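> Sharing a structure below in structure tokens format, with a few things to ask.
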Amino acid sequence: MPETLAVPPFSARIVERLSVGATSRRERVIHSLDGLEAPVHPNALATTGTRLWQCLQDELPDGLGSVDFLLGLDAGGILPTVSLAGAAQLPYKIAWKLHLPLDGAVRFSEPHAMRTDVFAYGIAPGQRIILVDDEITTGRTLADLTRRLREAGAVPLAAACLVEDTTRGARELLTALDLPLVSLTTIEGEA
């Protein structure tokens, strides 16, 4: 008989970052998919993607309509994007901190990072996109990405994240841009 693997619940917390530059955030959200504290079993990745996809469906009562692809942010956004793509059976793209000679470039800013310029490629008018990241604090990166995608004629439908820090105003900022924010979990406070 096959062994049944119990997948622990998703968890997240804020920790203080050590040895950071003056422009970087002093805190970091860590979570159970980032592999920092414990190895991550593939079942946990799949289960988390399924839960995030269900949250998107539940929290957007009018639905998403057709979605062309997910757009994840480099580094932390890769794992939730891949897990969500698998659960939703949607294609994905990743925005990178690489300036390349590729068509459909959309440049946006991650203001709290050491390297602030981020690029999404292959963006075309009319594309319907769900934005994905691992954690959202201020929402400034996703707000800038939303504005730039709209300038390019694309249609950001929603933002999905694993963890939302509710104390930094991200939800309010994105709501003002008419971009729904769907979070798997929320946390409050600093390290």
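> What does the net charge come to around S183 if you take all other residues with beta carbon closer than 10 Å to its beta carbon, with K and R at +1 and D and E at -1?
Value of the local net charge: -3.
> Under a 1.4 Å probe, what is the accessible area of the chain per residue, stated in Å²?
52 Å²
> Let me have the 222 nm mean residue ellipticity of the chain computed from DSSP H runs of 4+ only, each contributing -39500 (n - 2.57), with the sum over all residues rounded to the nearest 500. Present the calculation step by step, with values, prior to reporting the outcome.
Working: 4 runs with 48 residues, N = 191.
Per the formula, -8000 deg cm²/dmol.
> Note down the relative contact order for segment 1-103 as a percent, whole number, built from C-alpha pairs under 8 angstrom at least six residues apart. Working shown, then result.
Values: 107 pairs, mean separation 21.9, N = 103.
Relative contact order for segment 1-103 comes out at 21 percent.
> Based on Cβ point charges of +1 for Lys and Arg and -1 for Asp and Glu, what charge dipole magnitude is obtained for segment 130-183 about its Cα centre, in debye rounded to the nearest 20?
Its charge dipole is roughly 200 debye.
> If you don't mind, another one. Loop only by DSSP, 12 or fewer other Cβ within 10 Å of the Cβ. Give me the trypsin sites (Lys or Arg not before Pro) in segment 87-161 that pass, ordered by residue number. Before the final figure, lay out the partial values.
On the way: sites: K93, K97, R107, R115, R128, R140, R147, R148, R150; in loops: K97, R115.
Those satisfying the criteria are R115.
> Sticking with this one: Which residue, chosen from P91, G77, T47, occupies the Cα position most advanced towards the positive end of the dipole of segment 22-114, where the dipole is computed from +1 (Lys, Arg) and -1 (Asp, Glu) charges on Cβ about the Cα centre?
Of the candidates, G77 comes out farthest on the positive side.
> I'd like the per residue volume of the convex hull spanned by the Cα atoms of segment 33-115, given in cubic angstrom.
Hull volume over Cα atoms, normalised by residue count, gives 141 Å³.
> Can you divide the C-alpha Rg of segment 1-139 by 2.2 N^0.38 Å and report the result to two decimal places?
My calculation over the Cα atoms of segment 1-139 gives 1.17.
> Same structure again: Starting from the residue with the highest accessible area, list S66, S32 in decreasing order, probe 1.4 Å.
Putting S66, S32 in descending order of accessible area: S66, S32.
> Pairs of alpha-carbon atoms within less than 8 angstrom and 6+ residues apart define the contacts here; what relative contact order does the chain have, in percent?
Values: 381 pairs, mean separation 37.9, N = 191.
It rounds to 20 percent for the chain.
The values are calculated or read from the model by the stated rules, or taken from the named source; none is laboratory data. Predicted model only: the values in this text are computed from it and were never measured. Here the Cβ is made from the backbone with ideal geometry for all residues, glycine too, and neighbour counts use every protein chain on show. SASA here: full protein model, heavy atoms, side chains in, ligands and nucleic acids out. Shrake-Rupley method; radii C 1.70, N 1.55, O 1.52, S 1.80 Å.
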